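Below is one structure, written out as structure tokens; comments come after it.
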Amino acid sequence: MTAPGVAYRCPAVETGEDAPAPGECHIWLVPIRRRVDWLDLLDDDERRHARRLTVRHVRDTFVTSRAAQRLIGSRYLGLPTRQVSVSRVCRYCGALHGRPVFDAGTLDYSVSHAGNWVLVAVVGAGLVGADIECVESDRDIDALAGVALTAGELEHAARMPPAERAAAFFIAWTRKEAAMKLTGLGLQAPPNQLDVSGSRVIVDRVPRWPDVPVHLHGAAAPTGYQLALATTMPLTAVHRHIRTSDI
């Protein structure tokens, strides 16, 4: 099934010849489900980790995410899938929990997952961060807003009709998550110090935040989800691809 108006097949990407042009982002939405053959695309450590995961959806999410990153990377890098290598070394502490980076080529990408979807966003110039969230949840939005929003964002939310606050919160939260992923800082950049109400992140007292502007963008998401992108280069186009079979 392909969403209305969304191209299922992109010839430039399928050939592995064309990376996103400067100012473009390609986003890939891959449904999470059990794919036994995708386990073979993981490296030895990843396969061992997957086998230790006893909750099926958690295991399927891990396998889908790690395999999809290699499958998508192989299309841009022109490499066999099993030769696509990804580094996750943190630039700040050297541990293996950093933002993922293809060892070959100059592409940058970001990965996120929620509910039944894995999201991979790829840019050919600059850096990208991406986040997807399931908005149909029983989470306490007011409590989350109290710790995640800036004082100005909270004041704005308080003036909104109650029925609109949940949607507004998820727009803000995905934008903050995308920005935090771009920097590799994660929650070391407190979300309540990141104002995402405009087209760029406004930062207050966040050590090691990059000097370059971080631009914010929305993108169409599956029903029941919210999606956001953060980039160091303003985007002029976002191309979305939904895969319900192999990539």
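Annotations
- Single residue of ALA121, ALA104 found to be aliphatic (A, V, I, L, M) and within 18 Å of the chain's Cα centre (by Cα): ALA121
- Strands (runs of 3 or more DSSP E) lying entirely in the stretch 113-228 (those with 3 or more residues that are touching a Ser or Thr at 6+ places or on another chain (Cβ under 6 Å)): 117-123, 128-134
- Residue in the stretch 58-65 that is assigned to a helix (DSSP H, G or I), of a type in the set (Val, Ile, Thr), in contact (Cβ under 8 Å) with a residue 40 or more places away in the chain and buried (at least 18 other Cβ atoms within 10 Å of the Cβ) present: yes
- Residue count for the stretch 21-38 satisfying the condition of being surrounded by fewer than 17 Cβ atoms within 10 Å (Cβ to Cβ) and in a helix (DSSP H, G or I): 2.
- Verdict on GLN193 being in contact with a Phe, Trp or Tyr (Cβ under 6 Å, 6 or more places away or on another chain) and either surrounded by fewer than 18 Cβ atoms within 10 Å (Cβ to Cβ) or touching a residue at least 24 places away in the same chain (Cβ under 8 Å) (or both): no
- Scan of the stretch 66-87 for residues that are exposed (fewer than 12 other Cβ atoms within 10 Å of the Cβ) and touching a strand residue (DSSP E or B) at 6+ places or on another chain (Cβ under 7 Å), ordered by number: SER87
- Top-ranked residue of the stretch 127-140 - restricted to ones that are surrounded by 18 or more Cβ atoms within 10 Å (Cβ to Cβ) and farther than 23 Å from ASP60 by Cβ, ranked as nearest to the chain's Cα centre (by Cα): GLY129
- Flag for VAL13 being part of a helix (DSSP H, G or I), modelled with pLDDT under 95 and of a type in the set (Val, Ile, Thr): yes
- Residue check for HIS241: closer than 30 Å to ILE32 by Cα, under 19 Å from the mean Cα position of the chain (by Cα), outside any loop (DSSP other than H, G, I, E, B) and modelled with pLDDT under 95: yes
- Summed over the stretch 49-99, residues that are in contact with a Phe, Trp or Tyr (Cβ under 9 Å, 6 or more places away or on another chain), of a type in the set (Gly, Ala, Ser) and closer than 22 Å to VAL36 by Cβ total 4.
- Subset of the stretch 15-59 (residues that are over 24 Å from TYR76 (Cβ atoms) and either among the polar types (S, T, N, Q) or in contact with a His (Cβ under 6 Å, 6 or more places away or on another chain) (or both)): THR54
- Note on the stretch 146-187: among residues that are exposed (fewer than 14 other Cβ atoms within 10 Å of the Cβ) and under 20 Å from the mean Cα position of the chain (by Cα), the one that is modelled with the lowest pLDDT is LEU187.
The values are calculated or read from the model by the stated rules, or taken from the named source; none is laboratory data. Please read all numbers here as calculations on a predicted model, not as lab measurements. With ideal geometry, Cβ positions are generated from the backbone for all residues, glycine too; neighbour counts draw on all protein chains shown.
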